[in-house]
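Contents: one structure, followed by commentary.
Each reported figure results from applying straightforward, stated rules to the coordinates on display, with no laboratory input. Nothing here was measured: the structure is a model prediction, and the numbers come from that model. Heads up, the Cβs are rebuilt from the backbone with ideal geometry, glycines too, and the neighbour counts pull from every protein chain shown.
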Amino acid sequence: MTDATAQADEPGSKSGKAGLIVGLVLALAGAAGGYVLATSGMIPFGDRAASPDAPPGATLPAVAFVDLAPIIVTVNSGGEDRHLRFHAQLEVDEHHAAEVERMRPRIMDVLNGYLRAIEPADLRDPLALTRLRGHMLRRIGIVLGEGRVRDVLVMEFVLN
């Protein structure tokens, strides 16, 4: 009787291990197949759903650029007058371009006032331009309303 129960247990344990291995192999094959289908565009996800043949990032946002007149301000650095030449463009959504263009004199006034208040010590920091861009964008957002200007693109920033 002990021999009969021992023989009955052995085949059951081997078939359990075989089933586990087969299940694991099928799960891995399914995961690999799903990955291939999703990355090839056969299953539409995200940007590839619109046009599967287009490379990623092929559709550019509808933006316009409003050019601002160059600004030259005097910066007093310890008894020595230096000049800061600043020129920028504003990145805006296309449907806001006319509104931003119409408010350009007010934008220039705000930027002129801000740049005149800058101290030479503010310009020595390596991250000064990034910080200044953020301040300018915030002030422009107050003038125009939030969301009309996407970014301030600095074309020229020279202190001489």
| said: For region 63-159, what does the convex hull of the Cα positions come to per residue, in cubic angstrom? | reply: 83 Å³
| query | Among 116-127, 145-156, how do they line up from the highest to the lowest mean number of other beta-carbon atoms within 10 Å? | reply | 145-156, 116-127
